[in-house]
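Structure first, commentary second.
None of the figures in this text is laboratory data; all of them are computed from the coordinates on show. From a predicted model like this one, the values you see are computed outputs, not experimental measurements. Backbone-built Cβ (ideal geometry, glycine too); neighbour counts: all protein chains shown.
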Amino acid sequence: MPSFIDRVVLHVAGGDGGDGCTSIHREKFKPLAGPDGGDGGHGGDVILAVDPRTTTLLSYHRSPHRSAGKGTPGMGDWRRGVDGKDVILPVPEGTVVKDDEGRVLADLVGADARVVVAQGGTGGRGNFSLASSKRRAPGFHLLGEPGQVRDITLELKTIADVALVGYPSAGKSSLIAAMSAARPKIADYPFTTLVPNLGVVEAGQTRYTIADVPGLIPGASEGKGLGLEFLRHIERCAVIVHVLDCATLEPGRDPLSDLDTIEAELAAYSERLGDDNDPLFTGRVPLMERPRVVVLNKADVPDAAELAEFVTDDIAARGLPVFTISAVARTGLRELSFALAERVGAARAAQPASAAELAQQREAARPVIRPAAVGRRGKEDIAVVRPINHPTEGRVYQVRGERPERWILQTDFSNNEAIGYLADRLATGGVEDLLVRAGARAGDAVLIGAIDGGVLFTWEPTMTTGAELLGARGTDMRVEDYHRRTNAERRTRYHERMDAKEAARQELRDEAAEGIWTDASSWSRGGGGDDEEAGS
Ligand SMILES: Nc1nc2c(ncn2[C@@H]2O[C@H](COP(=O)(O)OP(=O)(O)OP(=O)(O)O)[C@@H](O)[C@H]2O)c(=O)[nH]1
Ligand SMILES: [Mg+2]
């Protein structure tokens, strides 16, 4: 059985959006009745949702890849593609979601807490919805955007009122079994408990939860034993109970030094927690200031009872309440459960009145980081343009920004009209202005997106060649006769034209300062070479 099921790395993928459709409506006596290609469906999201019936992250450890459904392509007759299905992953309450850089994306507390961890891609627009008065019969559609893909880490931090801490085999599981209806595994070998067990205790009017966590050994705060796996669970418990084994035969151990060892580990962990130890985040007092109770266990063993009596005063002298019990013989449990109820009650009274109040305070104290929005629901940013040194292309103007990068993903580069549409979008979206301001000139290499996976092309500003190139139908003259040619012919023509321009530019460049401008001819993905068909 894996020991780290309360921390899993999950690979999540939103569904890809379906492509739009290019279609011309046909009717009897009216074979070309305008565009009727529908939009592609949106991809589904991957969502984490708190589910009270889920108590561990075990199932994600077994199958860590989760993807939402794809949107289907649009079709003729104005039919829209079908949206991909969302995938809803149930997680236990107390699951903290982090991205691959360790930033907290969500802290799922509350019965209906949920978060989208991978957004589905937006469906591509069909030629019907791309039609405008300028562009009456678009011969292209937009591609569906890929869904968001990423690795997230889920960590389960048990939410209980009381945490039982102590060395392996101290009797923590035995104690929770004696105090509540929980039936954890109990055995005489260390690290029997790998996943925290939760029990509910009723003492008088107070009802509280108690968590038995895996055993702790020296060095746990540096990850020894089950280390941090264990320590994570005490972060959210209001009261800490030290369970000390008075019958251990291990050399060098006795209740007092065990107590010191565990306290030192808690202090080291608290240090590590840093910001997360902040009461505003946990809603509790910092770990080291939380109330503690000491339990001397195994008093049914004669020697142990003697030892317990012997150390009681020492521990009490440190200001800690002490209870001598036997989890097996079930002695001393009633006093203990009432003493815990009292401290839990006090901790609850000191807490912010409501979860909402806590959330509000927390929000004010630190920015809540939410998953970066991609696709249809996201707020769109402004592009940034800067000259960079491309590893293979030399000096390149790089354009970064959600909008232009999405446009690239939506463009079918085998369709010249779609490329023309992209050029229009870049011009009207202000990217051309930014290029001019950044100092780019016609013929410079421009990269939209990251160095890997971005699209590299030679820039021809529409503002200098623009108006005169716009045909009567609003189509780009660079692709003027698109409707009379096959795809392959169009592509070839386009590349011939680009090559000719490139040759002309090359001459100019040769005269200009050497080595500054580089060759980045025609559209190519990821900085790779030209298309196979180019120059044929
Ligand atoms: N005699 C006696 N034995 C006990 C008592 N409590 C627990 N034990 C025994 O101690 C051993 C370990 O008990 P567990 O409850 O599994 O200990 P634990 O602290 O949960 O151990 P880990 O899960 O490994 O960290 C078992 O053999 C228990 O039967 C007790 O009060 N008296
Ligand atoms: Mg145990």
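Taking the Cα centre of the range 92-191 as the origin and placing charges on Cβ (Lys, Arg +1; Asp, Glu -1), which of Gly139, Val117, Ala182 is farthest toward the positive end of the dipole?
The residue sitting most towards the positive pole is Gly139.
Which order do the peptides 197-203, 210-216, 390-396 come out in when sorted by mean C-beta neighbours inside 10 angstrom, highest first?
Highest to lowest by the protection proxy: 210-216, 197-203, 390-396.
Is there a quick way to get the dipole size of the range 38-150? I mean about its Cα centre, with the Cβ of Lys and Arg at +1 and of Asp and Glu at -1; what is the value in debye to the nearest 20?
Working: 15 positive and 13 negative charges, 115 e Å.
Approximately 560 debye in magnitude.
Highest first, please rank the peptides 258-267, 88-97 by the mean number of other Cβ atoms sitting within 10 Å of their residues.
88-97, 258-267
Rounded to the nearest 0.05, what FRET efficiency do Leu256 and Glu335 have when you use their Cβ-Cβ distance and R0 = 25 Å?
Calculated transfer efficiency: 0.70.
Place the peptides 171-178, 122-129 in order of packing, highest mean first, counting for every residue the other Cβ atoms within 10 Å and averaging per peptide.
Averaged packing, sorted descending, gives the order 122-129, 171-178.
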